[in-house]
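The structure under discussion appears below in the form of C-alpha cells.
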Amino acid sequence: MTETALPLTPDYDAWPIEAHILTVESSPRQVSVRWSDGRVSRYHSIWLRENAADETTVNPATRERILDLSTLPAWPEIGSVGIDDSGALCIDFVPEDRRLRFHPGWLRAHDYDNATDAEAALIPVTTWLGGPDEQPDSLDASGLLDSAPGSAAEEAILAPALESVLGKGLVRLRNLPTEPGSLEAIARRIGPVRPTNFGELFNVRAKPDPDSNAYTAIALPPHVDLPTREYHPGLQCLHCLENSVAGGEAVMLDGFAVAEALRERDPQAYATLTRVHWRFANTARTTDYVWHAPMICLDTRGELLEVRIADFLRGPLQTAFEDVEPAYEALMALQRLLREPGFAIRFTYQPGDLVIFDNRRLLHARDAFEGDSGHRWLQGCYLERDEIRSRYRMVQRARRQRRIGAEDR
Ligand SMILES: [Fe+2]
C-alpha cells in the first residue's frame, strides 16, 4: 500500500510510535495486531469504525464525533486489512465499502485489550500518613508568574506541582508574590476559578460580623470546604500574604488515609459512613445551602472518590430511624481517628506560600491564634479537579510532542 504519510488521529494529541505493527489478522468483527515488541492487541470492528479520524466520523474543525453509528447500513464489518508504507493500519469496511486508516501510535495508546486501571489513572493515588517530621511536597515557585504560559519554565514548576496534587492531594508552592489578588493569576495557570457566594477570591482573616468560623481566630477542626454543595469544590488554594500571629498553625490530613484506617479498624463504621446520608448545611442571613450525602463516597468500582467531613457544617441528621444510633457511633469512630496525631501534617504558613489541595480528599484545620498578636491573612479560591487533570494532560501532550519532534530530527 502506497500511503506514506501517517493518518490523522481523532483528537488534537500527539502519539509517538512506541512500536510498529508487524502483522495484522482479521475476522469480520475483529482485528488482531501484533506489534514489534511482541504485544498482541485485539480491536472490535465497531470500535474501530467509530474511532476513525476521517471527515465522515469526526468534524476536522473540532475533532468531535459527527458519526451516528445507528445510521450505518449495517453493523460495520471488516473486508480486508493491511499495513501501508507509513505503518498505518488500513481497513476496508463493509457494507459501507469505505477504506479507513488508523495511526499506530494512537491505536497503541488506546489498546483497551491490554489496559489496566492503574494505567488509566493519570497519576496513581498514594495515601499518606503525617507525623511530626512530615511536611507537604514543597517547590520553589518564585519564577512562575514571570514564565510565559505554556513555556518550559512554567512546566518545570507546574508539572511536579500537579503530580503532587494528583497523587498525594497536596502541594506547597513557596516564594510567590504577596500582593493581594495575585492568587488569581497563579490559579489561572491551572484553570478557571470557581466562584462561590464567598466570592472568586476569599479572605481568610479575623473580621467583624463573620459569616463563617474561618473568619474568626478560633481553631477549626479538620474539614473540607463547602460540603453543603451537591458538588463540593475539587481544589482549594490558600495563599499566605501575612502571618505574624502567635498560633494559627495549619494542619492537613489525608482523608483517604483516614477512611482506609477506619475500614481496617472498624469495617462496620466505615460501611455506615459510605451509606448514611448526612445533612450538610450552611445557613447565613442571605443564603441557605443544604445537601445530603454520605461522609465517605466510593466510585462504581468501590474505590474512594471523596470524603465530606466538616463537623461545624453538619445539620440535623434526617435518616431512617433505625440508622440513627449506628450513624452516630460511626461518626464518633471517625472523629476519634481525626484526633490521632499520626495522620496530620502541621506547618506554619510563610508569606508567599501557596498550598493547593484536593478539597474532596484532604481535610484541613488550623489552631486558634491570638488575633491581636499580629496579622494573619490568607487569600483562597476554588477550582475543580477537572482543571488540574486537563492541565496535566496538556503537560503530557507537550512532552509527547517534544518526543515526536526529537524523533523527526
Ligand atoms: Fe476551610
Exercise. Looking only at the stretch 277-314, which residues are more than 16 Å from the ligand (Cβ to nearest atom) and crowded, with 22+ Cβ neighbours inside 10 Å?
Worked result: 278, 295, 296
For this session: Out of 64, 50, 55, report the one residue that is surrounded by 15 or more Cβ atoms within 10 Å (Cβ to Cβ) and in the same structural domain as residue 26 (by TED's automatic domain parsing).
Result: 50
For this session: Kindly indicate whether any position in the stretch 221-234 is among the small types (Gly, Ala, Ser), open to solvent by less than 10 Å² (accessible area, probe 1.4 Å), within 16 Å of the ligand (Cβ to nearest atom) and modelled with pLDDT under 95.
Result: no
Exercise. Of the residues 13, 37, which is over 14 Å from residue 113 (Cβ atoms) and surrounded by 12 or more Cβ atoms within 10 Å (Cβ to Cβ)?
Worked result: 13
Seminar exercise, completed: Picking from 33, 24, 81, the residue that is closer than 30 Å to residue 395 by Cβ, out of contact with any His (no Cβ under 9 Å at 6 or more places or on another chain), part of a strand (DSSP E or B) and not acidic (Asp, Glu) would be 33
Exercise. Looking at the stretch 202-214, which of its residues are more than 10 Å from the ligand (Cβ to nearest atom) and either surrounded by fewer than 17 Cβ atoms within 10 Å (Cβ to Cβ) or closer than 20 Å to residue 165 by Cα (or both)?
Worked result: 203, 207, 208, 209, 210, 211
Problem set entry | Among the candidates 387, 370, residue that is more than 15 Å from the ligand (Cβ to nearest atom), acidic (Asp, Glu) and more than 30 Å from residue 13 (Cα to Cα) | 370
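Before we move on, is residue 253 open to solvent by less than 10 Å² (accessible area, probe 1.4 Å), away from the ligand (no atom under 12 Å from the Cβ), on the phi < 0 side of the Ramachandran plot and in a strand (DSSP E or B)? Outline the logic, then answer.
Working: open to solvent by less than 10 Å² (accessible area, probe 1.4 Å): yes; away from the ligand (no atom under 12 Å from the Cβ): yes; on the phi < 0 side of the Ramachandran plot: yes; in a strand (DSSP E or B): yes.
Against the criterion (open to solvent by less than 10 Å² (accessible area, probe 1.4 Å), away from the ligand (no atom under 12 Å from the Cβ), on the phi < 0 side of the Ramachandran plot and in a strand (DSSP E or B)), residue 253 qualifies.
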Exercise. Only one residue in 188, 174 is over 19 Å from residue 389 (Cα atoms), of a type in the set (Lys, Arg) and either at pLDDT 95 or above or surrounded by 13 or more Cβ atoms within 10 Å (Cβ to Cβ) (or both). Which one?
Worked result: 174
Problem set entry | Tally, over the stretch 256-287, of residues that are part of a strand (DSSP E or B) and modelled with pLDDT of 95 or more | 4
Problem set entry | Unmet criterion (only one of (1) in contact with a strand residue (DSSP E or B) (Cβ under 9 Å, 6 or more places away or on another chain); (2) in contact (Cβ under 8 Å) with a residue 60 or more places away in the chain; (3) open to solvent by 50 Å² or more (accessible area, probe 1.4 Å)) for residue 85 | (1)
For this session: Check whether at least one residue in the stretch 168-177 is in the same structural domain as residue 302 (by TED's automatic domain parsing) and touching a Lys or Arg at 6+ places or on another chain (Cβ under 7 Å), and report yes or no.
Result: yes
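Has the stretch 136-149 got at least one residue that is at positive phi and not polar (S, T, N, Q)? Full working, then the answer.
Filtering the stretch 136-149 for residues at positive phi gives none.
Taking every residue of the stretch 136-149 in turn, none turns out to be at positive phi and not polar (S, T, N, Q).
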Exercise. Out of curiosity, is residue 198 closer than 18 Å to residue 382 by Cβ, open to solvent by 40 Å² or more (accessible area, probe 1.4 Å) and within 14 Å of the ligand (Cβ to nearest atom)?
Worked result: yes
Exercise. Considering only the stretch 36-67, how many residues are within 20 Å of residue 98 (Cβ to Cβ), among the hydrophobic types (A, V, I, L, M, F, W, C) and in a strand (DSSP E or B)?
Worked result: 1
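The values are calculated or read from the model by the stated rules, or taken from the named source; none is laboratory data. What you see is a predicted model, and the numbers here were worked out from it, not measured in a lab. Please note: Cβ atoms are built from the backbone with ideal geometry, for glycine as well, and neighbour counts cover all protein chains shown. For the accessible areas, the whole protein counts, side chains as well, though only heavy atoms, and no ligand, DNA or RNA atoms are used. Shrake-Rupley method; radii C 1.70, N 1.55, O 1.52, S 1.80 Å.
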